[in-house]
1. From the residues in the range 74-96 that are under 25 Å from Tyr26 (Cα atoms) and surrounded by 18 or more Cβ atoms within 10 Å (Cβ to Cβ), which one is modelled with the lowest pLDDT?
2. Name the single residue, out of those in the range 97-121 being farther than 13 Å from Val49 by Cβ and among the hydroxyl-bearing types (Ser, Thr, Tyr), that is least open to solvent (accessible area, probe 1.4 Å).
3. Can you tell me which residue within the range 169-206, out of those that are at pLDDT 90 or above and polar (S, T, N, Q), is surrounded by the fewest Cβ atoms within 10 Å (Cβ to Cβ)?
4. Run Asn12 past the list (1) surrounded by fewer than 15 Cβ atoms within 10 Å (Cβ to Cβ); (2) within 17 Å of Leu118 (Cβ to Cβ) and report the number of the one that doesn't hold.
5. Could you grab the pairs with beta carbons closer than 9 Å, sequence gap of 6+ or different chains, first residue in the range 186-204 and within 14 Å of Lys157 (Cβ to Cβ) and aliphatic (A, V, I, L, M), second one part of a loop (DSSP other than H, G, I, E, B) and modelled with pLDDT of 80 or more?
6. Tell me, which residue of the range 60-72 that is in contact with a Lys or Arg (Cβ under 8 Å, 6 or more places away or on another chain) and surrounded by 16 or more Cβ atoms within 10 Å (Cβ to Cβ) is nearest to Arg14 (Cα to Cα)?
7. Of (1) within 23 Å of the chain's Cα centre (by Cα); (2) modelled with pLDDT of 85 or more; (3) under 19 Å from Leu201 (Cβ atoms); (4) open to solvent by less than 30 Å² (accessible area, probe 1.4 Å), Val152 satisfies all except one. Which?
8. Show the residue pairs that are 6+ apart or on different chains and have beta-carbon atoms under 7 Å apart, the first residue being within the range 50-69 and aromatic (Phe, Trp, Tyr), the second being crowded, with 21+ Cβ neighbours inside 10 Å.
Amino acid sequence: MALIYVVEDDENIREIELFALKNAGYEVQGFDCASAFYARLKERMPSLVLLDLMLPDENGLEIVKKLRLSTQTRKLPIILVTAKTLEIDKVRGLDIGADDYITKPFGVMELISRVKALMRRTRDMEQERMIRLDSIFMDDEKRAVYVDDRPVDLTFKEYELLKLLLLNAGIVVTREMIFDRVWGTDFEGESRTLDMHIKTLRRKLGTAGTMIRTVRNVGYILNSDNVS
């Protein structure tokens, strides 16, 4: 169950937010000031923070800045809740690192919809950063590839080629698409270049290299070892 921290000094609004999120299936915890939020953050990391812009001990924008400077919280999803309606306030919040904002007064359905949308985007991004297919594992954030937990040293083009195949696993990727996405150029007259990269990539992947299969006159497909 996803954990959401609600940082809001207005008790009535905080209780409404906590009640709505809890009924939507989330685990929740509320805080009336920044100091209490920081203390709890050291003990347990939430899945998302609903952060009021105006707090008694610290401005919400300053809190966002601090969270984005820390390696532990720099990717923590944050929705700013603000009573300010000026566009510049919303822009400032997004520019310093907030993922979304919601303006008071707001409806419960809008609140839940925004939370769900951000959680979904975050989950999708995480899945794209960590890509696994059988024995092949790619950590795109670190640009690292492993086969059976063994690091594989790939060139830039080999890495981008494998990433394209992994993201389209089970689907034939045409030669045209590969040259467009990996080389950024027309494929005409460059077929030999692609063939050599595929050959080298297969070799570096070892036994997992057999998962890259040629579709004659079309392109390549990366299939699971469990697919014949």
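The values are calculated or read from the model by the stated rules, or taken from the named source; none is laboratory data. Everything quoted here is computed from the prediction, not taken from an experiment. As a convention, Cβ positions derive from the backbone with ideal geometry for all residues, glycine included, and neighbour counts pool all protein chains shown. Side chains included, ligands, DNA and RNA excluded: accessible areas come from the protein's heavy atoms. Shrake-Rupley method; radii C 1.70, N 1.55, O 1.52, S 1.80 Å.
1. Just the residues of the range 74-96 that are under 25 Å from Tyr26 (Cα atoms), to begin with: 74-83, 93-94.
Within this subset, residues satisfying the condition of being surrounded by 18 or more Cβ atoms within 10 Å (Cβ to Cβ) are 76-82, 93.
Details: Leu76: 91, Pro77: 92, Ile78: 94, Ile79: 94, Leu80: 92, Val81: 91, Thr82: 85, Gly93: 80.
The residue in question is Gly93.
2. Here the residue is Thr103.
3. Per the stated criteria, the residue is Thr174.
4. (2)
5. Taking only residues 6 or more apart or on different chains, the pairs are Leu201/Leu154.
6. First pass over the range 60-72, keeping only residues in contact with a Lys or Arg (Cβ under 8 Å, 6 or more places away or on another chain): 61, 67-68.
Okay, now just the ones that are also surrounded by 16 or more Cβ atoms within 10 Å (Cβ to Cβ), so 61, 67.
Working: Leu61: 19, Leu67: 21 Å.
Within the range 60-72, the match that is nearest to Arg14 (Cα to Cα) is Leu61.
7. The single condition Val152 does not satisfy is (1).
8. No pair meets every condition.
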